[in-house]
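Engineer: There's a structure below that I have some questions on.
Bear in mind that the values in this text are calculations on the coordinates, not laboratory data. Just so you know, these numbers come straight off a predicted model, no measurement behind them. Cβ sites come from the backbone with ideal geometry, for glycine too, and all protein chains shown count toward neighbours.
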Amino acid sequence: MIPTSAETHDIPLEEFRAQAHKLADWIARYLEDPARYPVLPPLVPGATRDKLPPAPPQQGESLETILADFEQTILPGLTHWNHPGFMAYFANSATAPGILAEFLMAALNVNGMLWRTSPAATELEGVVTDWLRQLLGLTPGWFGMVNDLASTSTLYALAAAREADESLNVRRLGLAGRDLPRMRVYCSEWAHNSIDKAAMTLGLGSENVVRVKADAEFRMRPDLLEAAIAADRAAGYKPIAIVATVGTTSMTSVDPVPAIADIAQREQLWLHVDGAYGGVAGAVPELRHLLDGVDRADSFVVNPHKWLFTPMDCSVFFVRKPAVLKRAFSLMAAYLETAEQDVVVNYMDYGYQLGRRFRSLKLWMVLRAFGAEGIATRIRHHCALASEFAGWVREAPNWEVAAPHPFSTICFRHVLPGEGVEATNARNARILDRVNESGDIFISHTMLGPVYVIRVALGNLGTEERHIRRAWELLQQGALAG
């Protein structure tokens, strides 16, 4: 029996249209007041899984039924990153223009692997990454591409660093079974662990990531970096790259990039700058100095999905030597060859992924909707809120700010006179848990060496002074509870 069109085609578009209108209204209501949901769900492992059928349905179900189940079953188990009380990790915002772009991206279903597979997607990516370069105050000459996450961009940077020395011929011969020196990568002791993961993935080995001690403000020490490179050269190792950070994950410290760039140039090493969080601060003229030295790097990453109001995921990778990056990854199968391949950019040549989402569309819509002035105003506001919060901490008895806060993230803790480190750590962990149990605020922690500290990270466009006051009130209550 030949199936009917209803059995072989998409669902009826009349149903889609009706549910899409309802969904748009639902999203608008959600964005109006996400705080009507607890920012952190009850943390009971398996709670959502136990409500779901163990097998897929035999017959199709209506969108109305599916969306109702989403609201009743899925939504209660979500952590709400768009909640104004979300102050954990790096708070972010999925804004209306980016959400609309995601709707269009899904409808168009573009795969931007080749210029030919979607010329406008490829050309928009080149334009919008250059817009971002200008917004951050970087000089011309950077090649930009949009990836999923900074972890991917960091892997690409280290792959390019490995490829920069053509005599190694790693692309063709690999690393195993050859008489090659151990290749070394240098970063701060506070740098993100994506560097270690990239080293493991690329066959460099995690032991060859050399973590350089930081100063009292958690910044990589250039003198110790130089000493580490010299010692490795003397031991017969091959230094290939340095990773500096603008906004470390734990406490958002800023490495001295100009001094590190001097060393990279002198030692002829690839310099990658991780500005996944802090790089966006370049959009604010008075904060642009935090990106000093970045223009001397070989590569740089910034995540618009962290502090540039763009929905997950969107990481922009800039590279000064795209030919080296292309040499590391380009591999042309016969079925991908096109007549224009020598005169256009095929972004698949600059990374390991063949298929590529149309991520540049959402960044383009966000940049247009807010504009350079609107973006700077919003980032400036978050930094002002962070400074205000840090002021409350400094003024309160038995509270202390534990690290500088150049951006919108504050590390702090409650300390009682004469109390040991372990007891103080345990009490601060209890304070954090009590705050998170409220459902109003979600904060996270980190370790600064042996010291447990609480982090408040501000980056959601819905967060106002009343929300940080609520966080501070809960923190003080938690401290009183012991």
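Engineer: Using only Cα atoms, figure out Rg for segment 308-355 and give it as a multiple of 2.2 N^0.38 Å.
Structural biologist: Values: Rg = 13.1 Å, N = 48, 2.2 N^0.38 = 9.6 Å.
Scaled against compact globular proteins, the figure is 1.36.
Engineer: Counting DSSP beta bridges in the chain, what percent are antiparallel, to the nearest 5?
Structural biologist: Looking only at bridges with both residues in the chain, the antiparallel portion is about 55 percent.
Engineer: In terms of the Cα gyration tensor, with a ≥ b ≥ c the square roots of its eigenvalues, is segment 124-240 rounded because a/c is under 1.5, prolate because a/b exceeds b/c, or oblate?
Structural biologist: Note, shape of segment 124-240 comes out oblate.
Engineer: Summing Lys, Arg as +1 and Asp, Glu as -1, what charge do residues with Cβ under 15 Å from the Cβ of Leu52 carry, Leu52 excluded?
Structural biologist: Within the 15 Å Cβ shell, the charges total -2.
Engineer: In addition: What would the Debye formula give as log10 I(q)/I(0) at q = 0.14, 0.18, 0.19 Å⁻¹ for the alpha-carbon point model of segment 305-445, no solvent?
Structural biologist: One equal scatterer on each Cα of segment 305-445 leads to -0.89, -1.11, -1.18.
Engineer: Would you be so kind as to identify which of Ala429, Val324, Ala164 lies farthest towards the positive end of the dipole of the chain, taking Lys and Arg as +1 and Asp and Glu as -1 on Cβ and the Cα centre as origin?
Structural biologist: The Cα lying farthest towards the positive end belongs to Ala164.
Engineer: Along the charge dipole of the chain, Cβ charges K/R +1 and D/E -1, which of Gly482, Gly371, Gly174 sits furthest on the positive end?
Structural biologist: Gly174
Engineer: Continuing with the same structure: Nearest 5 is fine: what % of DSSP beta bridges in segment 111-357 come out antiparallel, could you say?
Structural biologist: 40 percent
Engineer: Follow-up. For segment 371-482, take every pair of Cα atoms, bin their distances at 10 Å starting from 0, and report each bin as a whole percent.
Structural biologist: 14, 47, 29, 8, 2, 0
Engineer: Still on this model: If you place +1 on the Cβ of every Lys and Arg and -1 on the Cβ of every Asp and Glu, how big does the dipole about the Cα centre of segment 262-354 come out, in debye to the nearest 20?
Structural biologist: Values: 8 positive and 12 negative charges, 25 e Å.
That gives a dipole near 120 debye.
Engineer: Quick check for me: using +1 on Lys/Arg Cβ and -1 on Asp/Glu Cβ, what's the dipole size of the chain about its Cα centre, in debye to the nearest 20?
Structural biologist: Computed charge dipole of the chain: roughly 760 debye.
Engineer: Give the Rg/Rh ratio for segment 111-357, taking Rg as the radius of gyration of the Cα atoms and Rh as the Kirkwood radius, to two decimals.
Structural biologist: That ratio is 0.96, to two decimals.
Engineer: For segment 57-98, place one equal point scatterer on every Cα, skip the solvent, and apply the Debye formula. What is log10 of I(q)/I(0) at q = 0.22 Å⁻¹?
Structural biologist: The Cα Debye sum returns log10 ratios of -0.84.
Engineer: Looking at Asn208, Phe407, Gly278, which one has the Cα that reaches farthest to the positive end of the dipole of the chain (charges on Cβ: Lys, Arg +1; Asp, Glu -1)?
Structural biologist: The Cα lying farthest towards the positive end belongs to Asn208.
Engineer: Same structure again: What are the principal axis extents of the Cα atoms in segment 1-96, in Å, biggest first?
Structural biologist: Principal extents (largest minus smallest coordinate, Cα): 57, 32, 20 Å.
Engineer: Hey, how many Å between the Cα centroid of segment 76-138 and the Cα centroid of segment 254-302?
Structural biologist: 23 Å
Engineer: From the phi angles alone, apply the Karplus equation (6.51, -1.76, 1.60; θ = phi - 60°) to segment 461-471 and give each ³J(HN,Hα) in whole Hz, x where the residue is Gly or Pro.
Structural biologist: Coupling constants for segment 461-471: 5, x, 6, 10, 4, 4, 6, 6, 5, 5, 4 Hz.
Engineer: Give the share of C-alpha pairs in each 10 angstrom bin for the chain, from 0 to the last occupied bin, in whole percents, shortest bins first.
Structural biologist: 4, 17, 25, 25, 18, 8, 2, 0, 0
Engineer: Related question: Net charge within 11 Å of Val146 by Cβ-Cβ distance, Lys/Arg positive one each and Asp/Glu negative one each, not counting Val146 itself?
Structural biologist: Net local charge, Val146 excluded: +1.
Engineer: Using the Cα centre as the reference, give the magnitude of the dipole from point charges on the C-beta atoms of segment 309-348 (Lys, Arg: +1; Asp, Glu: -1; all else neutral), rounded to the nearest 20 debye.
Structural biologist: Roughly 300 debye, rounded to the nearest 20.
Engineer: If I histogram all Cα-Cα distances within segment 253-305 using bins 10 Å wide from 0, what percent of pairs lands in each bin?
Structural biologist: Bins of 10 Å from zero give 26, 55, 18, 2 percent of pairs.
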